[in-house]
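> Here it is, the structure in full.
What follows is calculated from the coordinates using simple rules that are stated; it is not laboratory data. Every value quoted in this text rests on a predicted model; they were computed, and no experiment measured them. Backbone-built Cβ (ideal geometry, glycine too); neighbour counts: all protein chains shown.
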Amino acid sequence: MMRSRFIRQHLKKELTLFDAVVYGMGIIIGAGIYALIGKGAGLAGNALWLSFVIGGFVALFSGFSYAELSSAFSKDAAEYNFTKHATRNRMFSFVIGWLTIFAGIAAMATVSTGFAGYFHSLTGLPEIPVAVGLLFFCMVVNLLGLKFSTRLVVLTSIVQVIGLMFVISLGMTYIGKFGMADIFDFSKGIEGIVAASSLMFFAYIGFEGIANMSEEIRNSKKVVPKALIISIIGATVIYILIAIVSVSMADYGALAVSEAPLALAVSTASVKLGYAMPTGFLLSIIALFATASTVLIGSIMTSRILYGMREDHSFPESLGYIHPKNNVPYMSVLVTSIFAIVLAAVGNIMLLANLTNFAIFAAFFSVNFSLIILRTDASFKPKFRAPLSIGNISISAVVGAISCAILLSKSGNTAITYGSLIMLAGIIYFMSQNENP
């Protein structure tokens with residue numbers, strides 16, 4: 001969530017539309033597609049591509065709300081501050097910030113579990129210790145003061161995209177020879193497709209970073225909406241192609257139970273095509289790089305969200321301690337990493353992803369809701385407005401809020417139950433720290 005804030009400190013010039021799109025694609029296309037596409041295929045079957053279409057629209061509508069709000073309120077812990085300005089209710093805004101932090105922690109646990117799945121497929125080592133080991137490693141690197149710049153983000157995204165382009169290229173070759181799966185097979189029903197949309201929305205997490213860096217973008221009023229549209233549509237096209245070729249190269253049932261679904265797809269296709277090179281092994285290596293990088297970025301950014309809320313006196317003063325040498329909020333890093341390690345011990349990637357999405361959908365709903373409220377405030381003067389409006393009513397925010405609510409309801413009963421308990425814990429914590437909420 002806070003990637004843009006961290007990178008913003010290192011920007012040395014204003015960004016063009018091209019820069020914003022490259023950055024946007026880099027933070028959208030991450031480890032989620034590598035780790036979760038198999039589970040998504042199990043839910044939607046051959047119609048998995050349609051789940052990405054739905055997810056893309058939800059991301060786009062919510063992205064417009066982020067774009068407008070961030071042009072008016074550019075501050076750390078964006079979701080927390082948006083809702084605070086809109087509702088003027090500290091408890092409500094705190095709970096949203098609390099959920100945002102939890103989403104970051106759960107995302108770290110989810111992706112580390114995905115890393116462990118690919119690692120297990122290569123080495124046979126047990127998954128939970130590997131996931132925990134990766135989280136501990138990323139915590140140590142974070143504490144040492146590793147600083148990401150936009151160049152490193154672009155480099156990371158290039159490696160990830162190369163892997164996906166390889167999958168698409170091999171898949172197209174396979175389809176040209178053996179044919180394509182029936183992508184209009186809706187045997188899993190609309191329920192399965194929507195459930196897959198809810199799960200695979202994890203692959204879109206990060207798009208809000210484009211909106212949060214509007215201060216560094218030239219002519220942001222015009223460029224930010226364009227960058228959002230291009231980046232989200234670009235990512236959606238890539239995801240749709242990946243979905244189509246994956247279920248064509250390997251049966252969706254096999255993908256659903258695989259620890260390394262994309263590696264399974266390309267290795268299966270390579271055997272049928274008669275290729276001698278170890279394509280599955282190569283893709284697993286790329287997937288390890290992609291997932292490890294995402295966990296490291298998540299460790300850095302989630303700790304900054306916690307630090308940002310501490311500055312508003314929402315958490316103990318100790319969470320704001322900065323290391324004098326490395327300039328790292330080390331207590332925030334330790335706390336977020338420890339909780340991520342605890343969650344990773346669950347070992348259920350689907351539950352972890354749904355927990356992440358529950359918190360994300362709640363946060364995105366609040367952002368859309370905040371824009372709807374602030375549009376009625378005469379003092380609210382953003383630098384640009386989200387498109388699709390009727391008077392002061394933002395149609396994109398209304399559709400975004402409704403869509404997030406629907407997908408949240410499809411997160412699964414277990415995730416909804418645990419997510420609700422996390423919200424309740426946030427309320428109890430806030431009330432214990434504030435006599436007058």
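> Mind listing the long-range amide H neighbours of I217? Cut-off is under 5 Å, sequence gap 5 or more, other chains count too, H placed in the peptide plane at 1.01 Å from N.
Result for I217 returns L15.
> Spin-label point model (7 Å from Cα, Cβ direction): what's the A425 to I190 distance in nm?
Result: 3.6 nm between the two label points.
> Next up: Sketch the reach of a paramagnetic label on N89 as a point 7 Å from Cα along Cα-to-Cβ, and name the residues of region 346-375 whose backbone nitrogen lies under 18 Å away.
Of the residues in region 346-375, 362-375 have backbone N under 18 Å from the label point off N89.
> Let me ask something else about it. How would you rank 97-107, 336-346, 37-47, highest first, on the average number of other Cβ atoms within 10 Å across their residues?
97-107, 37-47, 336-346
> Note the per residue figure in Å³ for the convex hull of the C-alpha positions in region 238-314.
On the way: hull volume 9.2 nm³, N = 77.
Looking at region 238-314, the number lands at 120 Å³ per residue.
> Give me the net charge for the shell around Y118: Cβ to Cβ below 13 angstrom, other residues only, Lys and Arg +1, Asp and Glu -1. Show your work: numbers first, answer last.
Working: positive: none; negative: E127, E259.
Residues close to Y118 contribute a combined charge of -2.
> What fraction, in whole percent, of alpha-carbon pairs in the chain exceed 40 Å separation? Present the calculation step by step, with values, prior to reporting the outcome.
On the way: 12387 of 95266 pairs.
Everything past 40 Å amounts to 13 percent.
> Now, a different point. If you line up the long axis of helix 32-44 against the longest principal axis of the chain, both from Cα atoms, how many degrees apart are they, to the nearest 10?
The two axes meet at around 70 degrees.
> I would also like to ask the following. Through the Karplus equation 6.51 cos²θ - 1.76 cosθ + 1.60, θ set to phi - 60°, convert the phi angles of region 133-141 into ³J(HN,Hα) values in whole Hz; use x for Gly and Pro.
x, 5, 4, 5, 4, 5, 4, 5, 4
> Relative contact order of the chain, please, whole-number percent, based on alpha carbon pairs below 8 angstrom and at least 6 residues apart. Show your work: numbers first, answer last.
On the way: 776 pairs, mean separation 151.0, N = 437.
35 percent.
> Could you compute the net charge surrounding F369? Neighbours are other residues with a C-beta less than 12 Å from the C-beta of F369; K and R count +1, D and E count -1. Could you put the intermediate results ahead of the total?
On the way: positive: R375; negative: E79.
For residues surrounding F369, the net value is 0.
> Residue separation times 0.36 nm, minus the C-alpha to C-alpha distance between L388 and D182: what's the value?
On the way: separation 206, 0.36 × 206 = 74.16 nm, distance 3.51 nm.
Full-extension gain reported as 70.7 nm.
> Can you list the HN-Hα couplings for region 295-309, worked out from phi with the Karplus curve (6.51, -1.76, 1.60; θ = phi - 60°), rounded to whole Hz and with x for Gly and Pro?
Per residue, the Karplus-derived 3J(HN,Hα) values read 5, 5, 5, x, 4, 5, 6, 5, 5, 6, 5, 4, 5, x, 6 Hz.
> Per-residue counts of other Cβ atoms within 10 Å, averaged by peptide: what ranking do you get for 225-236, 384-395, 361-372, 190-201, highest first?
Numbers: 225-236: 21.1, 384-395: 15.3, 361-372: 25.4, 190-201: 23.2.
Output ranking for 225-236, 384-395, 361-372, 190-201: 361-372, 190-201, 225-236, 384-395.
> Let me ask something else. Which order do the peptides 161-171, 50-60 come out in when sorted by mean C-beta neighbours inside 10 angstrom, highest first? Kindly include the intermediate steps, with their values, before the conclusion.
Working: 161-171: 18.3, 50-60: 22.8.
Highest to lowest by the protection proxy: 50-60, 161-171.
> Let me ask something additional. What nm value, rounded to one decimal, do you get for the distance between F57 and A254 when each label is placed 7 Å out toward the C-beta?
3.3 nm
> With each label point set 7 Å from Cα along the Cα-Cβ vector, what nm distance links L122 and I162?
It is 1.4 nm.
> Here's a follow-up. For n ≥ 4 DSSP H runs only, could you compute -39500 (n - 2.57) per run for the chain, divide by its residues and tell me the 222 nm figure to the nearest 500?
Values: 18 runs with 321 residues, N = 437.
The helix contribution divided over the chain gives -25000 deg cm²/dmol.
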